[in-house]
1. Between A347 and R249, what length comes free when the chain is fully extended (0.36 nm per residue of separation minus the Cα-Cα distance, one decimal in nm)?
2. Placing one identical point scatterer on every Cα of the stretch 220-362 and ignoring solvent, what is log10 I(q)/I(0) from the Debye formula at q = 0.20 Å⁻¹?
3. So if we plug the beta-carbon distance of A307 and R327 into 1/(1 + (r/R0)^6) with R0 = 30 Å, what FRET efficiency do we get, rounded to 0.05?
4. According to a simple spin-label model (label point 7 Å from Cα along Cα-to-Cβ), what is the distance in nm between F86 and S187?
5. Across 20 Å bins from 0, what is the distribution of all Cα-Cα pair distances for the chain, in whole percents?
6. Counting pairs of alpha carbon atoms under 8 Å apart in space and at least six apart in sequence, what relative contact order in percent does the stretch 75-191 give?
7. Fully extended, how many nm does the chain gain between E194 and L142 (0.36 nm per residue separation, minus their Cα-Cα distance)?
8. Would you please calculate the Kirkwood hydrodynamic radius of the stretch 5-66 over all C-alpha pairs and express it in Å, rounded to one decimal?
Amino acid sequence: MDFGQNEIGGNIAALRKAKGLTQEQLADMLGISAPAVSKWETGSSYPDISILCPLARALDTNVDSLLSFHEELTDEEVKEQIGGVFALLTGQGSAEEREAAGEARLSELLHRYPNSQALKFNAAMSYDSFAIIFPWAGKEKLLAWRRRKRELMEQLHRSGSGAYRQESAMMLASLAIMEGELDRAESLLKELPEHSADPTGIWVQLYLRQGKAQEALKITQRSLYSSITHALGCLINLVLPELEGSFERCEKASEAYSLLAKTFGFLDSGQGLMIEPWLRRGEKARAAECFGEYVEKLTGEAVRPDADLFAPGLEIKKTEGMKATSREALSFISERLLEDEQLKEIADQPAFVRAMEKLKAQGGE
């Protein structure tokens, strides 16, 4: 197999700089001279085969990645591989066994395909699902999953391209805010374009001229799904107490949320948005009723986006017998709600007590 010296040298230099190491520091870690590292990076010589593994470990990579050799994955293959991880997480065995199997499989995939941006992005997002499926795992494990997600997003941000670089910047900004790194979050967000045109309409025209009506349909449906989720997120933001919105604005946002969710087949948690506005008015009974309606949605039947509007652009799974929220997640939610200072104001309300009893019962407590 023929590897270009310049390519390998450039790869070593990029990985070293990403780690924040000087040539001298890397040389000290490997027990060699700094000029040897310089020769690798300038393409004057190869690293000796005996040092490849220690070098890869020092740069937090593997030999395949170090030598720029990798098998590539198509988007469909990435989807299939991540689906296999989720099958392990939700399959047979105890929760501990499923968690360990899922983590091991994800790590193995990332090691085998170290340069697949699509895999890294989907793997990073999978760690959010780990936290949802196994909320009982404990603070240390939850923090470890968040750190792993951040590591993968940092890798994408450094070396990713196009959409993956932008997506990773947004994810990293969100994590930075959670951890109080506000300057870092602002810097990341400023990288993003203020205005980004949506090319969906042009893609549709192209696909139709090419006789690919099915592709035109799929991209339209995916764009619609993205637009609806974005709109729902904006409506949630409108009721944030920090925005000091009027009660009327909060009510309209809640109603609009419910209307959108019902129209397009999303989980309708619009009433949950009104808990805080009713509390601001001193209407504890109404706030408790909204909480009760919110819990009804969480513990009710699962809903999926309307297949007539979103399939085949999205894979719409059947939901017969499925609940909107898993048993493990309900248990986690009930614990967190009991710790919510705001909800303690309505803890004595009958509607709240009934809702919490239902939540605990379905969460297995």
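1. 32.7 nm
2. -1.26
3. Computed FRET efficiency for A307 and R327 comes out at 0.70.
4. Distance between label points: 3.5 nm.
5. 21, 52, 23, 4
6. 18 percent
7. This chain segment gains 15.4 nm when fully extended.
8. Values: mean 1/r = 0.0897 Å⁻¹.
Its Kirkwood hydrodynamic radius stands at 11.2 Å.
Here, each number is a calculation from the coordinates, and none is a lab measurement. What you are looking at is a predicted structure, and each value in this text was computed from that prediction instead of being measured. Virtual Cβ from ideal backbone geometry, glycine too; neighbours counted across all protein chains shown.
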